[in-house]
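A short write-up of the structure that comes next.
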Amino acid sequence: MSATGQPAANEATQPQVAIIAQYIKDLSFENPGAPALMSQGPAIDLGVDLQARRGDAEHFEVELKLRVTAKHGEKTAFLMELAYAGLFRVVGVPDDMLQPLLLIQAPHMIFPFARRIVADVVRDGGMPPLMIDPIDFAGLYQSKLASGGIQANTPVGTA
């Protein structure tokens, strides 16, 4: 801040990213294998999806969707789906950097909280806590770009 109370020239142009809120949008846990399959270690399949939506000029919602399916052979031990979101305030980020910020850095910031929720819910369902390995969001982003799932530098949609 300058002596006049106005942001200094270099502060006004500095990119700023802040998490305003984090929240569960949707959570589902099904345990059809209980109690028969609870003593066995299931095969885990993890699905990850990301979405980013513009709220207004400075606010974006980033939603991390995790789908965990645990099976013993053909029998489902448990199924869990979590949609976890963060509301981000983004100021001064160039347009060409906005999409990578929202689809790589933002999910990286909220992932530890979603990971804890998954571990707690699976544990509360009677299974050992499921500790999801860190997710390579940059690799996921590059894969979606390569497959045409997203277009580079396209605007983020409005919620």
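Since every read-out is calculated from the coordinates, none of them should be taken as a lab result. Bear in mind that the values here come from a model prediction, so they are computed numbers and not experimental data. So basically every Cβ, Gly included, is an ideal-geometry build from the backbone, and we count neighbours across all protein chains shown.
Under the shape rule built on the C-alpha gyration tensor, where the axes satisfy a ≥ b ≥ c, the stretch 15-149 is prolate, since a/c reaches at least 1.5 and a/b is greater than b/c. In order along the stretch 90-105, the Karplus-derived 3J(HN,Hα) couplings, from 6.51 cos²θ - 1.76 cosθ + 1.60 at θ = phi - 60°, round to 10, 10, x, 8, x, 4, 6, 9, 5, 4, x, 4, 6, 9, 10, 6 Hz, and Gly and Pro are given as x. From the residues ILE135, ALA52, VAL68, which one has its Cα farthest along the dipole of the stretch 15-149 in the positive direction, the dipole being from +1 and -1 charges on Cβ of Lys/Arg and Asp/Glu about the Cα centre? Most positive-ward Cα: VAL68.
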